[in-house]
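Got a structure for you, written out below as structure tokens; questions coming shortly.
The values are calculated or read from the model by the stated rules, or taken from the named source; none is laboratory data. What you see is a predicted model; the values in this text were computed from it and never measured. So basically every Cβ, Gly included, is an ideal-geometry build from the backbone, and we count neighbours across all protein chains shown. In case anyone asks, the SASA skips ligands and DNA or RNA and just uses the protein heavy atoms, side chains included. Shrake-Rupley method; radii C 1.70, N 1.55, O 1.52, S 1.80 Å.
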Amino acid sequence: MTSHAEPSELPGVTKEDEAPATGPVAKQPPPGFTPEGRIGSEGKVLNVFSHGILVVWGLLVTLPLLWAVMSSLKTDKQIFTSPWGLPSALHFDNWTRAWSKSNIGDFFLNTILVVGCSLIGTMLLGSMAAYILARFEFPGKRFIYFMFVGGMSFPIILALVPLFFVMKNMSLLNTFHGLILVYIAYSLPFTVFFLTSFFKTLPSSVAEAALIDGASHTRTFFQVMLPMAKPGLISVGIFNFLGQWNQYMLPTVLNTDEDKRVLTQGLVQLAASQQYKGDWSALFAGLVLAMLPVLAVYIVFQRQVQAGLTAGALK
């Protein structure tokens, strides 16, 4: 009888040579390698990079604000001799002088009146229009919606000349109510665009249940849907407040009455009147007074703004 040796027992033949020849042989990762480790290292690098960008951006935003606050508490001599140094003493009288003698107080009150009324009108009309466009079907709906969207891309500077003559013919120049109407029209496109998308994310079953219980469409909107849209309303309200508070071009063209000027016009007038000599500490104090309401509003409603911006994605 002839004895047959196993392939592994033959000289020069190893177990790796006995692997089947069907298909490629998978490469084994090196010892100690795990996909989780690779993903974790890449995530750490990306996290460090993103945090570094945020830190740089935060410094670029914060340092000018701190410099303006420090300058508002210095004397004119300290502003020129040590612009980057800390004030030797806190001169809060600069703020008092800016509020009273430089008429910043009058400009401030005019701005609160105009922005407050225009913001209420913008949010009321914008939310009503957005709710109709989001919840109801009617002929011309898409055309109206895209008209609002097109309004966001239209440069306001192109409308200044015809807007001036329209306001003049309607006797609305140099009036608070005329400026309020212009602010509302200026802010409506973005408000309707933002809130239309937000109202679409709200559950329609709640509105249907209210209608079944006998509520009218008006009552359903104001008592059911509008409270549910609170995060979105606060978010778009903050953006409208910032845009209207810092608006300069529209009041400059449409509001030339010195007694009815808003805060941005007053600050520019104060800076232009100073030239090479003047009350620079009061000017910085006026700048800080103009920034305080914006910072206060954003700090108070910061969480609501974040909730409103992320609500659509989470839905």
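So which of Pro155, Pro139 ends up being under 21 Å from the mean Cα position of the chain (by Cα) and surrounded by fewer than 18 Cβ atoms within 10 Å (Cβ to Cβ)?
Pro155
To keep it simple, each residue is scored yes or no on (1) assigned to a helix (DSSP H, G or I); (2) surrounded by 14 or more Cβ atoms within 10 Å (Cβ to Cβ); (3) out of contact with any Pro (no Cβ under 8 Å at 6 or more places or on another chain).
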{"site": "Phe148", "(1), (2), (3)": "yes, yes, no"}
{"site": "Phe165", "(1), (2), (3)": "yes, no, yes"}
{"site": "Thr196", "(1), (2), (3)": "yes, yes, yes"}
{"site": "Ala209", "(1), (2), (3)": "yes, no, yes"}
{"site": "Gly214", "(1), (2), (3)": "no, no, yes"}
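Are any of the residues in the stretch 93-111 under 30 Å from Val224 (Cα atoms) and β-branched (Val, Ile, Thr)?
no
Determine, yes or no, whether Trp67 is in contact with a Phe, Trp or Tyr (Cβ under 9 Å, 6 or more places away or on another chain), of a type in the set (Phe, Trp, Tyr), at pLDDT 85 or above and under 28 Å from Leu295 (Cα atoms).
Judged against the criteria, Trp67 is a match.
Does Pro251 qualify as being surrounded by fewer than 20 Cβ atoms within 10 Å (Cβ to Cβ) and part of a helix (DSSP H, G or I)?
In short, no.
Taking into account only those residues within the stretch 167-181 that are in a helix (DSSP H, G or I) and open to solvent by 80 Å² or more (accessible area, probe 1.4 Å), which is nearest to Leu195 (Cα to Cα)?
That would be Leu181.
When residues of the stretch 68-120 are filtered for being charged (D, E, K, R) and either touching a strand residue (DSSP E or B) at 6+ places or on another chain (Cβ under 7 Å) or open to solvent by 70 Å² or more (accessible area, probe 1.4 Å) (or both), how many remain?
4
Filter the stretch 262-275 down to residues that are open to solvent by less than 50 Å² (accessible area, probe 1.4 Å) and in a helix (DSSP H, G or I) and give me whichever is modelled with the lowest pLDDT.
This residue is Gln274.
Go through the stretch 172-186 and give me each residue that's of a type in the set (S, T, N, Q) and modelled with pLDDT of 95 or more.
Of everything in the stretch 172-186, nothing turns out to be of a type in the set (S, T, N, Q) and modelled with pLDDT of 95 or more.
To keep it simple, each residue is scored yes or no on (1) open to solvent by 40 Å² or more (accessible area, probe 1.4 Å); (2) in contact (Cβ under 8 Å) with a residue 60 or more places away in the chain; (3) in contact with a Leu (Cβ under 9 Å, 6 or more places away or on another chain).
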position: Pro203; (1), (2), (3): yes, no, no
position: Val206; (1), (2), (3): yes, no, no
position: Met225; (1), (2), (3): no, yes, yes
position: Gly243; (1), (2), (3): no, no, no
position: Lys260; (1), (2), (3): yes, yes, yes
position: Ala285; (1), (2), (3): no, yes, yes
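Regarding the stretch 276-283, can at least one residue be identified that is open to solvent by less than 50 Å² (accessible area, probe 1.4 Å), at pLDDT 90 or above and polar (S, T, N, Q)?
No, there is no match, as no residue in the stretch 276-283 is open to solvent by less than 50 Å² (accessible area, probe 1.4 Å), at pLDDT 90 or above and polar (S, T, N, Q).
Which of the residues belonging to the stretch 183-192 are in contact with a helix residue (DSSP H, G or I) (Cβ under 6 Å, 6 or more places away or on another chain) and surrounded by fewer than 19 Cβ atoms within 10 Å (Cβ to Cβ)?
Passing the criteria: only Pro189.
List pairs: first residue in the stretch 169-195 and among the polar types (S, T, N, Q), second residue assigned to a loop (DSSP other than H, G, I, E, B) anywhere in the structure, Cβ distance under 9 angstrom, at least six positions apart or on different chains.
If the second residue must be assigned to a loop (DSSP other than H, G, I, E, B), the pairs left are Asn174/Asn255; Asn174/Thr256; Asn174/Asp257; Thr175/Asn255; Thr175/Asp257.
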